[in-house]
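The next block holds one structure in the form of structure tokens; read it before the comments.
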């Protein structure tokens, strides 16, 4: 009779906390310390370094799998599409209404440039990266520590903190990720939440006269 292999033990709780918050804390530390006039290649270099460290400890810890990252089951994608699509339409509608109501005010009103179409194609890629880190790395560790409900709140809170001091992005990001977490608990689907995030972000950035800056750069104009 072949002896069964023991399940791998989880790391100490403080290690899970560090791994959960590392990507967000690292990005925030960079955004609050670097000059607004920095070369853009520096953003790419730092982003790749942070992503590399995150991938390394995620693979080493073996808290990784297709379903962990919302990529396993077609049924999950199908179940997630309906509620996330309704949320996306509602969020985009609310943003456009906000733009219409603030027309004529500083940093208010709607924009009518065609760059919104390019953003609608490109932003979902950035949305996939952000939601992949949130729900593939941060959320499962917080779930092990505190259970699904508190993990959802903490993950949404971390995402909101990552957008300080921009009030629109802090409030909107918290609600958005909290809703995605509710869907994720039932039907984890990275493509669905990532594309939704990208579409909402594109409209917010390119269809409204609002600042999308975070960190110290928010105060740069």
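The values are calculated or read from the model by the stated rules, or taken from the named source; none is laboratory data. The shown structure was predicted, so the numbers you read here are calculated from the model rather than taken from an experiment. Cβ atoms come from the backbone with ideal geometry, glycine included; neighbour counts cover every protein chain shown.
For every residue, the table says whether it meets (1) within 30 Å of residue 216 (Cβ to Cβ); (2) touching a strand residue (DSSP E or B) at 6+ places or on another chain (Cβ under 8 Å); (3) touching a residue at least 24 places away in the same chain (Cβ under 8 Å); (4) part of a helix (DSSP H, G or I).
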| residue | (1), (2), (3), (4) |
| --- | --- |
| 10 | no, no, yes, no |
| 24 | yes, no, yes, yes |
| 49 | yes, no, no, yes |
| 52 | yes, no, no, yes |
| 58 | yes, no, yes, yes |
| 65 | no, no, no, no |
| 80 | no, no, yes, yes |
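Does residue 171 count as more than 30 Å from residue 209 (Cα to Cα) and surrounded by fewer than 21 Cβ atoms within 10 Å (Cβ to Cβ)?
For residue 171, the condition - more than 30 Å from residue 209 (Cα to Cα) and surrounded by fewer than 21 Cβ atoms within 10 Å (Cβ to Cβ) - is not met.
Residue by residue through region 26-41, note down the ones that are in contact with a helix residue (DSSP H, G or I) (Cβ under 9 Å, 6 or more places away or on another chain), surrounded by 10 or more Cβ atoms within 10 Å (Cβ to Cβ) and assigned to a helix (DSSP H, G or I).
26, 27, 28, 30, 31, 32
Every residue in region 137-155 that is surrounded by 22 or more Cβ atoms within 10 Å (Cβ to Cβ) and more than 17 Å from residue 10 (Cβ to Cβ), please.
Correct list: 152, 155.
Of the residues that sit in region 42-69 and are surrounded by 13 or more Cβ atoms within 10 Å (Cβ to Cβ) and more than 21 Å from residue 135 (Cβ to Cβ), which one is modelled with the highest pLDDT?
Selected residue: 46.
Does residue 110 satisfy being under 28 Å from residue 21 (Cα atoms), in contact (Cβ under 8 Å) with a residue 24 or more places away in the chain and surrounded by 12 or more Cβ atoms within 10 Å (Cβ to Cβ)?
no
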